[in-house]
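Heads up, the thing below is written out as structure tokens.
The values are calculated or read from the model by the stated rules, or taken from the named source; none is laboratory data. As the structure is a prediction and not an experimental result, all values here were calculated from the model. Here the Cβ positions follow ideal geometry from the backbone for every residue, glycine too, while neighbour counts run over all protein chains shown.
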Amino acid sequence: MPQQIFLDVDTGIDDSLAVLYLLASPEARITGIAATAGNVPAAQVAANTLAILDLGGAPPIEVALGAAEPLAIPLRTTEDTHGPQGLGYAELPVSARPLSARTAAELWVEKVRAAPGEVIGLCTGPLTNLALALRLEPALPRLLRRLVVMGGAFNHPGNTTPTNEWNIHVDPEAAKEVFDAFSAAPADRRPLVCALDITETIEMRPAHLEALARAAGSAPIEPVGPGHHPGWRSAASDPVIRYLTDAVRFYFDFHQLYDLGYLAHMHDPFAAAVALDPALAVTRPATVDVELTGTLTRATTVADWAGMWGREPNADIVIGTDPAVFFDRLVTRVGALARRLSQEPA
Ligand code: RIB
Ligand code: CA
């Protein structure tokens with residue numbers, strides 16, 4: 001039986017690869033998607049997500065619009081990281097798929113109540129709408145089969161301030177409500193946390209894009225590099241490869257601009273791969289809390305690994321993985337999806 005995944009995204013470039021990875025994975029069935037404001041505003045997240053579902057040949061999947069703002073502070077977006085629309089240099093046709101009439105929080109609750117103990121929640125954006133869902137249904141931690149969160153930084157520098165990571169930075173109050181809500185969760189229901197400590201080891205490079213193009217049977221193979229003019233666009237024959245090349249190249253340019261190298265950290269598809277196969281990750285339990293009042297450290301995730309606070313662990317933090325295994329799965333699965341879609345009658 002496929003694993004039911006409820007996805008909460010702020011689509012963005014790497015979020016879109018997480019969606020494609022799940023669509024390309026036969027063991028996954030996306031039961032619903034929450035569009036959360038983060039990389040770009042919620043309405044743009046929803047439009048991007050619907051367009052990616054079209055690109056990936058998805059069946060009908062309910063996508064619900066999330067809150068316009070975080071719980072307690074104004075929304076901050078990051079178009080400089082993900083591009084003006086959130087998909088890098090890529091531009092996709094506007095989808096005809098309808099948005100849900102429900103809110104993202106209502107969709108979270110409805111989908112999890114409908115399949116108690118079966119749904120894996122996967123959050124690759126700020127936790128605003130999961131926090132709102134927990135306010136609607138405090139039993140969510142027990143009703144979910146598992147929660148996987150891409151977010152936070154522990155023994156690792158932040159990517160938004162010196163100590164905090166983007167998804168938590170956008171809505172730290174929501175993140176605290178989520179980690180507090182899972183404080184009473186049994187050990188096998190503790191959130192699996194993919195923080196920057198591990199996701200910044202998942203370094204996509206141009207060779208991975210070329211491998212995806214080969215796996216898809218796309219032509220020509222387009223070796224991208226830092227010398228490409230921003231106005232250059234892929235002429236790949238395969239539409240998924242064309243999209244990935246134009247989207248990820250923006251991410252390569254961004255990482256290069258910040259002296260991280262001509263590469264792209266694939267935070268969200270890695271979290272998706274862990275959601276489908278936790279054996280990809282070595283984890284260590286900890287008690288996680290979120291700083292809300294620090295002058296310099298607000299929105300920092302803090303892990304008590306040794307029980308100094310006297311509180312039970314509320315998270316399993318990913319501390320190890322083999323990035324090559326992940327990239328092999330990404331290339332094999334998304335490449336096969338692209339090839340399959342291009343062979344289907346128009
Ligand atoms: O810090 C990385 C995370 O923030 C990723 O999920 C990226 O998409 C952004 O949402
Ligand atoms: Ca994201």
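Among the residues of segment 290-303, is there at least one that is under 22 Å from the mean Cα position of the chain (by Cα) and of a type in the set (Asp, Glu)? Taking every residue of segment 290-303 in turn, none turns out to be under 22 Å from the mean Cα position of the chain (by Cα) and of a type in the set (Asp, Glu). If we keep just the residues of segment 185-231 that are more than 21 Å from ASP14 (Cβ to Cβ) and among the hydrophobic types (A, V, I, L, M, F, W, C), which is modelled with the lowest pLDDT? Per the stated criteria, the residue is ALA185. Scanning segment 7-44 for residues that are farther than 26 Å from VAL331 by Cβ and either without any contact (Cβ under 8 Å) to a residue 40 or more places away in the chain or crowded, with 23+ Cβ neighbours inside 10 Å (or both) turns up GLY32, ALA34, ALA35, THR36, ALA37, GLY38, VAL40, PRO41, ALA42, ALA43.
Residue by residue, here is whether (1) in contact with a Leu (Cβ under 6 Å, 6 or more places away or on another chain); (2) within 16 Å of ligand 1 (Cβ to nearest atom); (3) outside any loop (DSSP other than H, G, I, E, B) holds:
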| position | (1), (2), (3) |
| --- | --- |
| PHE250 | no, yes, yes |
| TYR262 | no, no, no |
| ALA271 | no, yes, yes |
| ALA275 | yes, yes, yes |
| ALA279 | no, no, yes |
| THR293 | no, no, no |
| VAL302 | no, no, yes |
| MET308 | no, no, no |
| GLU312 | no, no, no |
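Pairs meeting the criteria (first residue in segment 131-159 and of a type in the set (Val, Ile, Thr), second residue buried (at least 22 other Cβ atoms within 10 Å of the Cβ) and part of a loop (DSSP other than H, G, I, E, B), beta carbons under 6 Å, at least 6 apart or on different chains) are VAL149/PRO191. A single member of THR287, THR293 is crowded, with 17+ Cβ neighbours inside 10 Å and more than 16 Å from ligand 2 (Cβ to nearest atom), and it is THR287. Checked against (1) over 22 Å from TYR251 (Cα atoms); (2) out of contact with any strand residue (DSSP E or B) (no Cβ under 9 Å at 6 or more places or on another chain), TYR89 passes all but condition (1). The set of residues in segment 87-134 that are surrounded by fewer than 18 Cβ atoms within 10 Å (Cβ to Cβ), acidic (Asp, Glu) and either farther than 16 Å from LEU50 by Cα or touching a Lys or Arg at 6+ places or on another chain (Cβ under 7 Å) (or both) contains only GLU118. Considering (1) more than 22 Å from VAL325 (Cα to Cα); (2) more than 16 Å from ligand 1 (Cβ to nearest atom), the lone condition that ALA211 does not fulfil carries the number (1). Checked against the criterion of being among the β-branched types (Val, Ile, Thr) and buried (at least 17 other Cβ atoms within 10 Å of the Cβ), the candidates VAL282, VAL240 yield just one match: VAL240.
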